[in-house]
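A.B. asks: If you scroll down you'll find the structure; I have some questions about it.
The values are calculated or read from the model by the stated rules, or taken from the named source; none is laboratory data. What you see is a predicted model, and the numbers here were worked out from it, not measured in a lab. Neighbour counts run over all protein chains shown; Cβ positions are idealised from the backbone, glycine included. For the accessible areas, the whole protein counts, side chains as well, though only heavy atoms, and no ligand, DNA or RNA atoms are used. Shrake-Rupley method; radii C 1.70, N 1.55, O 1.52, S 1.80 Å.
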Amino acid sequence: MNDVPNLARDPDDRLYSPDVRSALADFTLGEDTGPLEAAAAVRTAARSLEGLRSQGTGNRGLSPGALDILIRLAAGSANIKDLAASAGVSSRNVTGLVDTLERAGLAERVPDARDRRSVQVRITEDGRTWLTEFRRPSQLAMAALFRGFTAAETAQLRHLCLRLAENQYHLTRHLEDR
């Protein structure tokens, strides 16, 4: 709801947004706002992270999507279909991202030794250098962002976010089967 929230603390010393809580109380007609407030907080956090990531990659000429593909290529070459599946996006999207990486000299398409009709995408030496130069500032930014979090809290946050994604996946499948 609000990217720069006005935050307060509840009786359990947990952060919440009074503005979001008030708006959602009206929306729910006074019923429990907990899950909706949590969803709003996840959206706010996701926008904040994406903004930070866009700022970091944009200053270096790559979109966050292109960075995702470049990081995946650092582990080894792959075809467009496999890159798309691992990134959770369409092959068309990955084709555009690979085009961008190729134009920047960070990746290249090469013939697939196992299948003459297919091509593989691999990272170039310039791509590896780019990632090396990007790695440390990224680690420092994430360390600052997660300052004050214990390792257990970070692991719990990861777990809860992935549970949300898993629940959404199952809900979508359920709704499609109806």
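A.B. asks: Go through segment 23-39 and give me each residue that's open to solvent by less than 80 Å² (accessible area, probe 1.4 Å) and at pLDDT 90 or above. Walk me through it before giving the result.
C.D. replies: Taking segment 23-39 first, the residues open to solvent by less than 80 Å² (accessible area, probe 1.4 Å) are 23-25, 28, 30, 33-34, 36-39.
Ala23, Leu24, Ala25, Thr28, Thr33, Gly34, Leu36, Glu37, Ala38, Ala39, listed by residue number.
Here is a yes/no grid of residues against (1) modelled with pLDDT of 90 or more; (2) within 21 Å of Leu157 (Cβ to Cβ); (3) aliphatic (A, V, I, L, M); (4) open to solvent by less than 50 Å² (accessible area, probe 1.4 Å):
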residue	(1), (2), (3), (4)
Leu7	yes, yes, yes, no
Ala41	yes, yes, yes, no
Leu52	no, yes, yes, no
Leu62	no, no, yes, yes
Lys81	yes, no, no, no
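A.B. asks: On to the next question. Would you check if Thr95 is part of a helix (DSSP H, G or I), among the β-branched types (Val, Ile, Thr) and under 26 Å from Asn167 (Cβ atoms)? Before you say what the answer is, go through the steps one by one.
C.D. replies: Values: part of a helix (DSSP H, G or I): yes; among the β-branched types (Val, Ile, Thr): yes; under 26 Å from Asn167 (Cβ atoms): no.
So Thr95 fails the test.
Residue-wise test of (1) open to solvent by 70 Å² or more (accessible area, probe 1.4 Å); (2) without any contact (Cβ under 8 Å) to a residue 40 or more places away in the chain.
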| residue | (1), (2) |
| --- | --- |
| Ala85 | yes, yes |
| Thr132 | yes, yes |
| Pro137 | no, no |
| Arg158 | yes, yes |
| Glu166 | yes, yes |
| Thr172 | no, yes |
| Leu175 | yes, yes |
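A.B. asks: Within the set of pairs 6 or more residues apart or between chains, which connect a residue that is on the phi < 0 side of the Ramachandran plot inside segment 20-34 to a residue that is surrounded by 10 or more Cβ atoms within 10 Å (Cβ to Cβ) and among the hydrophobic types (A, V, I, L, M, F, W, C) with Cβ atoms less than 6 Å apart?
C.D. replies: Here the result reads Val20/Met1; Val20/Ala40; Leu24/Leu36; Thr33/Leu24; Thr33/Ala25, each pair linking segment 20-34 to a residue that is surrounded by 10 or more Cβ atoms within 10 Å (Cβ to Cβ) and among the hydrophobic types (A, V, I, L, M, F, W, C).
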